[in-house]
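S.K.: Mind looking over this structure? Questions follow.
The values are calculated or read from the model by the stated rules, or taken from the named source; none is laboratory data. Owing to the predicted nature of the structure, the values given are computational and were not obtained by experimental measurement. FYI the Cβ positions are ideal-geometry reconstructions off the backbone, even for glycines, and counts take in every protein chain you see. Heads up: the accessible areas ignore ligands, DNA and RNA and are worked out on the full protein's heavy atoms, side chains in. Shrake-Rupley method; radii C 1.70, N 1.55, O 1.52, S 1.80 Å.
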Amino acid sequence: MASRSCFSVACAVAVMAFAILATASNAQPLDPHFYDKLCPAALPAIRKAVAVEPCMGASLLRLHFHDCFVNGCDGSILLDDTPFFTGEKNAAPNLNSIRGFDVIDRIKDAVNAGCGGNVVSCADVVAVAARDSVITLGGPSYDVLLGRRDARGVSQGAANNIIPAPTFDLDRLISNFASHGLTVQDLVVLSGGHTLGFSRCTNFRDRLYNETATLDGSLAAQLRGPCPLAGGDDNLAPLDPTPARLDGGYYGSLLRSRGLLHSDQQLFAGGLGPTDALVRFYGANPEAFRRDFAEAMVRMGGLSPLTGSNGEIRANCRKVNY
């Protein structure tokens with residue numbers, strides 16, 4: 001069953017990768033030097049703004065992920081509801097969960113001031129802020145491909161259906177990433193972003209009380225206080241032992257059955273699963289994780305961007321230009 005699943009995924013990835021490349025060939029390519037002449041102050045302004053908000057690093061990284069997985073990295077997640085559409089902020093995976101919108105507003109204002117006008121898209125602000133947050137929290141640097149434009153619409157339905165849920169089993173995680181042209185390795189590496197931040201009790205309660213065979217007993221005992229069977233939905237627990245530092249601790253947790261979320265622990269099945277070898281590898285090779293995480297972030301950041309004359313450059317990240 002596992003081998004058949006992996007074969008299907010490999011085929012799907014190949015087809016999707018070809019489709020993405022074909023689409024990209026008809027669009028303006030993203031370029032890490034896009035703002036070098038247009039606004040040399042743009043990236044330093046973002047870096048400076050992120051540096052004063054280190055506690056928001058995990059949230060800004062997650063904001064980028066949730067933006068990219070719904071119709072591409074186009075800043076649509078930032079749009080507020082209007083009389084004409086319901087935004088993605090209130091989709092189930094984002095409601096009471098995704099944060100950082102105020103931080104993006106402040107960064108956008110700083111960038112507009114530094115550039116003397118509205119020349120940097122909100123989608124690019126999110127992508128660069130995620131990278132700078134990774135660096136601030138001890139992770140690797142990487143070149144962010146730039147030149148995205150902002151969406152003028154949203155899809156709450158897509159956000160509800162496409163963003164991977166903490167309840168997903170491994171097969172569903174693999175197929176979800178494959179639908180975006182991302183590989184099994186990308187799944188394991190990008191999941192390593194859960195080395196940062198916290199999760200709400202409502203996201204791990206079912207695992208805590210119904211998956212005792214795959215959850216370390218001492219961790220379970222620690223979690224039952226802040227996460228009772230009823231109530232405490234918004235109480236938080238760290239996703240790994242070092243929630244303010246991007247390191248390989250996440251994989252060590254999985255190897256010891258200490259993955260907080262069901263979807264996380266699905267990546268390691270005691271040596272029997274298709275992703276187990278990757279978890280062992282990154283757990284033993286933190287530098288390889290840093291390298292591959294950087295490369296996977298670049299690939300994710302290239303998902304279906306709006307470029308050229310498509311979309312717009314929003315003056316206010318929360319609403320479309322009129």
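S.K.: How much of the accessible area of the chain, in percent, comes from carbon and sulfur atoms when a 1.4 Å probe is used?
M.R.: Percent of accessible area from carbon and sulfur atoms in the chain: 57.
S.K.: Roughly what would the spin-label model give for ARG152 and ARG47, points 7 Å off Cα along C-beta, in nm?
M.R.: Each label point is offset 7 Å from its Cα along the Cβ direction, giving 3.5 nm.
S.K.: Using only the alpha-carbon atoms, how far is helix 2-25 inclined from the longest principal axis of the chain? Give it as 0 to 90 degrees, nearest 10.
M.R.: 0 degrees
S.K.: Say R0 is 45 Å: what FRET efficiency, to the nearest 0.05, do THR214 and ASN118 get from their beta-carbon distance?
M.R.: The computed FRET efficiency comes out at 0.35.
S.K.: Can you show me the helix-derived [θ] at 222 nm for the chain, built from DSSP H runs with n ≥ 4 at -39,500 (n - 2.57) apiece and divided by the number of residues, rounded to the nearest 500.
M.R.: -14500 deg cm²/dmol
S.K.: A further question follows. For LYS89, give me every one of the lysines with a C-alpha distance below 18 angstrom, ignoring sequence neighbours fewer than eight places off in its own chain.
M.R.: Output for LYS89: LYS319.
S.K.: When ranked by the protection proxy of mean other Cβ atoms within 10 Å per residue, highest first, what sequence do the peptides 169-180, 308-319 form?
M.R.: 169-180, 308-319
S.K.: Here's another thing I want to ask about it. How big is D for the range 188-243, in µm² s⁻¹ as a whole number, if Stokes-Einstein is applied with the Kirkwood radius of its Cα pairs at 20 °C and 1.002 mPa s?
M.R.: Value of D from the Cα-based Kirkwood radius: 182 µm²/s.
S.K.: Relative to the first principal axis of the alpha-carbon coordinates of the chain, what is the inclination of helix 101-115, with its axis defined by its Cα atoms, in degrees from 0 to 90 and to the nearest 10?
M.R.: Value to nearest ten degrees: 30.
S.K.: Turning to a different aspect of this structure: Please give, to one decimal in nm, the separation of the simple spin-label points placed at LYS37 and ASP234, each 7 Å out from Cα toward the Cβ.
M.R.: 5.0 nm
S.K.: Quick one: which residues, 5 or more positions from GLY139 or on another chain, have an amide H under 5 Å from its amide H? H modelled 1.01 Å from N in the peptide plane, none for Pro or chain starts.
M.R.: Long-range HN contacts for GLY139: LEU246.
S.K.: Between ASP143 and ASN90, what length comes free when the chain is fully extended (0.36 nm per residue of separation minus the Cα-Cα distance, one decimal in nm)?
M.R.: Separation in residues times 0.36 nm, less the Cα-Cα distance, equals 16.0 nm.
S.K.: Starting at the first residue of the range 145-151, write each ³J(HN,Hα) from the Karplus equation 6.51 cos²θ - 1.76 cosθ + 1.60 with θ = phi - 60°, in whole Hz, x for Gly and Pro.
M.R.: Rounded to whole hertz, the list is 6, 10, x, 5, 10, 9, 5.
S.K.: Which residues in the range 148-174 have a backbone N closer than 13 Å to a point placed 7 Å from the Cα of ALA269 along the Cα-to-Cβ line?
M.R.: Zone members listed by number: 169-174.
S.K.: On to the next question. Roughly how many nanometres apart are two label points built 7 Å out from the Cα toward the Cβ at GLU295 and ASP206?
M.R.: Reported label-point gap for GLU295 and ASP206 is 3.5 nm.
S.K.: Accessible area per residue, 1.4 Å probe, Å², for the chain: what's the number?
M.R.: 44 Å²
S.K.: Something else about it: On a full-extension model of 0.36 nm per residue, what is the gain between ASN285 and ALA221, subtracting their alpha-carbon distance, rounded to one decimal in nm?
M.R.: Roughly 20.1 nm would be gained on extension.
S.K.: Let me ask something additional. Does anyone have the angle between helix 286-301 and the longest principal axis of the chain? Alpha-carbon axes, 0 to 90°, nearest 10?
M.R.: 50 degrees
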